[in-house]
1. Go through (1) surrounded by 15 or more Cβ atoms within 10 Å (Cβ to Cβ); (2) under 10 Å from the mean Cα position of the chain (by Cα) for residue 56 and report which single condition fails.
2. Residue 10: surrounded by fewer than 20 Cβ atoms within 10 Å (Cβ to Cβ) and at pLDDT below 95, yes or no?
3. What do you reckon, is residue 41 under 20 Å from residue 95 (Cα atoms) and either at pLDDT below 95 or buried (at least 16 other Cβ atoms within 10 Å of the Cβ) (or both)?
4. I need every pair where a residue in the stretch 34-46 that is free of Cβ contacts under 8 Å to residues at least 60 places away in the same chain has its Cβ under 7 Å from the Cβ of a residue that is in a strand (DSSP E or B) and of a type in the set (Ser, Thr, Tyr), sequence separation at least 6 or different chains.
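The values are calculated or read from the model by the stated rules, or taken from the named source; none is laboratory data. Being a predicted model, the structure only gives us computed values, none of them experimental. Note: ideal-geometry Cβ built from the backbone for every residue, glycine included; neighbour counts use all protein chains shown.
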Amino acid sequence: MDQAPGEDNPVRDNRALQRFELPVDDQIVFADYRRQPGRLVITHIETPFALRGVGHASRLMRGVAEEARAEQVKVLPLCPYARAWLSRHPEYRDLAV
């Protein structure tokens, strides 16, 4: 598994499964993606039921956005949560396709 750049980013890029992962309490919050030239297509975000409602999906999306910025690619958020998150975070809106 590849680690996302920067020690302060707990989100890792699991290229084998084509998903970004945030480990939390022996569980995984994840965002499925497809890579296309110049962009990451976020297709689905999943948070285990026991971890919902406390900001883990937001932490995951922040890590995905930081990874996209480091790779100098845009984010195409097909997932409704990812789309809403990008619209609520003006510091990352420049990444949205």
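1. (2)
2. On the way: surrounded by fewer than 20 Cβ atoms within 10 Å (Cβ to Cβ): yes; at pLDDT below 95: yes.
Answer is yes for this residue.
3. Spelling it out, residue 41 is indeed under 20 Å from residue 95 (Cα atoms) and either at pLDDT below 95 or buried (at least 16 other Cβ atoms within 10 Å of the Cβ) (or both).
4. Matching pairs, first to second residue: 34/43; 40/33; 41/33; 42/33; 43/33.
Residue-by-condition table, conditions (1) touching a helix residue (DSSP H, G or I) at 6+ places or on another chain (Cβ under 8 Å); (2) not in a helix (DSSP H, G or I):
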residue: 16; (1), (2): no, yes
residue: 22; (1), (2): yes, yes
residue: 30; (1), (2): yes, yes
residue: 41; (1), (2): no, yes
residue: 50; (1), (2): no, no
residue: 59; (1), (2): no, no
residue: 65; (1), (2): yes, no
residue: 68; (1), (2): yes, no
